[in-house]
Structure formats: structure tokens, C-alpha cells
Amino acid sequence: MMELILMRHGKAEPRSDAKPDFERELTSIGRKKVRMAAQGLAQGLYKGREIQIWASPTVRTLQTAEVLRSAFGKRTRLHVVDAIQEGNMSELRSEWSSTPGIDVLIIVGHEPTMSEWTQKTSGAALLFRPGSAAAILFEDPEQTIGSLAWFMRIGVMGRLGPLPHPQRVQRP
């Protein structure tokens, strides 16, 4: 069994003529929300599981992937894959099916590619806002069609794990 998580990068700087699209960075709010979502995933859904993160080579996807890797711990491998930015699903599938022992693979990429790949692999038509993610289960990594396990927006993922500091209720 392999779980594939397709995740769009966090909220990035707006497009402008001053900076190439490849170099756009996450905004401070984007980083904060990705950090909260990563902690939610790491503590709420995937605690103790073997995770690999593959990311497009753009700055905003690498920043998102680094935040994820930090939440999952130093054992988590981060791999930059050009096929993600190129939208080449067949090359990507070939690479993951030839990589032994993948339990959970998080792919950090862009729209509309994340939506297109979710539809191709699970049949679900979803729109990925910044930081959204979908998990697709495959009985075998060589399968081409899996089952959609979940789809969440970034704010929901941030609420999955335990609260970092419990708040005390003041009584009158």
C-alpha cells in the first residue's frame, strides 16, 4: 500500500514583471499556514510513518517542502523532481514505482497540475487553493488508479494535530 499526497505550494508572492515566476517565494502568511498544516499532518495523520517529499524546483514549492520536511523530522527525504514542474505524470509515476519502500509520498507542486493529477489518479475533480492537499491510496505503487482518501484545505490540516499550547478556561 502506498499513499500519494498531492499538495499545492503555500500562498506565494503575486506575479510581477520584477521577478520571474520560478523565483516567487511564499508570503509570510503562506509560510505560517504551511507550518501549521505540516504540524497537523505530522502529528495528526502521519506520526511515525516513513515519509518522502518530492518537490518541483521552483522557490515556492521548495520552501513549502522544506517546512514539511522540518515538521516530519530529519529522516524525511526531500527530492527535487523536474517532472513535477513539467507536469509529466508518466515520468513521475515511473520514478515512484521504481523507488522501493515508499509508504507515504508527498508531491509538492502547482495548479492546475495538482487538480489534473488528482483527477487522473482518482477520478475526483478538485480545485487546489494554495496549500490544499489530497491523499490517494494505491494498493500497489505501480497502479495507475487509486482511491481518494481525503482532500483538505490548508486551514483544516492545521487543526489536525494537538494544540501547541492548551488554553486555560477562566471561570467567573
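The values are calculated or read from the model by the stated rules, or taken from the named source; none is laboratory data. For clarity, every value in this text was computed on a predicted model and none was experimentally measured. As a convention, Cβ positions derive from the backbone with ideal geometry for all residues, glycine included, and neighbour counts pool all protein chains shown. Quick note on the areas: whole protein, heavy atoms, side chains included, nothing else; ligands and nucleic acids left out. Shrake-Rupley method; radii C 1.70, N 1.55, O 1.52, S 1.80 Å.
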Requested in this report: Under 16 Å from a label point 7 Å along Cα→Cβ of R49: give me every residue in segment 98-140 with its amide N that close.
Outcome: 101-108, 133-140
Requested in this report: Please work out the average accessible area per residue across segment 1-83, using the 1.4 Å probe convention, and give it in Å².
Outcome: 51 Å²
Report summary line: HN-Hα couplings for segment 76-87 via Karplus (6.51, -1.76, 1.60; θ = phi - 60°), in whole Hz with x for Gly/Pro, come out as 6, 8, 10, 10, 8, 10, 4, 4, 5, 5, 6, x
Report task. Please work out the ratio of the alpha-carbon Rg of segment 79-155 to 2.2 N^0.38 Å and round it to two decimals. Result -> 1.04
Report task. Mind telling me which of V80, V108, V156 comes out most flexible in a GNM of the chain, alpha-carbon contacts under 10 Å? Result -> V156
Report task. Looking at segment 43-169, send over the antiparallel percent of its DSSP beta bridges, to the nearest 5. Result -> 35 percent
Query - Antiparallel bridge percentage (DSSP; both residues within segment 10-112; nearest 5) - result: 20 percent
Query raised in the report: How big is the gap, in Å, between the Cα center of segment 60-108 and the Cα center of segment 111-145?
Result: 14 Å
Query raised in the report: Which whole-Hz couplings ³J(HN,Hα) result when phi for each residue of segment 128-138 is put into the Karplus expression 6.51 cos²θ - 1.76 cosθ + 1.60, θ = phi - 60°, listed in order with x for Gly and Pro?
Result: 8, 7, x, x, 5, 8, 10, 10, 10, 9, 10
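Beyond 18 Å, what share of the Cα-Cα pairs of the chain remains, rounded to the nearest whole percent? It would help to have the intermediate numbers written out before the result.
On the way: 8652 of 14706 pairs.
Percent of Cα pairs beyond 18 Å in the chain: 59.
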Report summary line: Placing +1 on each Lys and Arg Cβ and -1 on each Asp and Glu Cβ in segment 85-142, then taking the dipole about the Cα centre, the residue among S115, W96, P130 whose Cα reaches farthest towards the positive end is P130
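Taking the Kirkwood radius as the inverse of the mean 1/r across Cα pairs, report the Rg/Rh of segment 61-120. Write out the running numbers ahead of the final one.
Values: Rg = 11.9 Å, Rh = 12.5 Å.
We get a ratio of 0.96 for segment 61-120.
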Report task. Subtracting the Cα-Cα distance from 0.36 nm times the residue separation, let me have the gained length for E25 to Q143 in nm, one decimal. Result -> 39.1 nm
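To one decimal place, what Kirkwood hydrodynamic radius in Å is obtained for segment 1-91 from all pairs of distinct Cα atoms?
Working: mean 1/r = 0.0721 Å⁻¹.
Mean inverse Cα-Cα distance, inverted, gives 13.9 Å.
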Requested in this report: Compute the distance in nm between two label points, each set 7 Å from the Cα along the Cα-to-Cβ direction, one at M89 and one at K120.
Outcome: 0.4 nm
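Considering every Cα-Cα pair within segment 5-45, what fraction, in whole percent, is farther apart than 14 Å? Spell out each step's value before the answer.
On the way: 459 of 820 pairs.
The proportion of pairs with Cα distances above 14 Å equals 56 percent.
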Query raised in the report: Hey, any idea what % of the chain's accessible area is carbon plus sulfur with a 1.4 Å probe?
Result: 50 percent
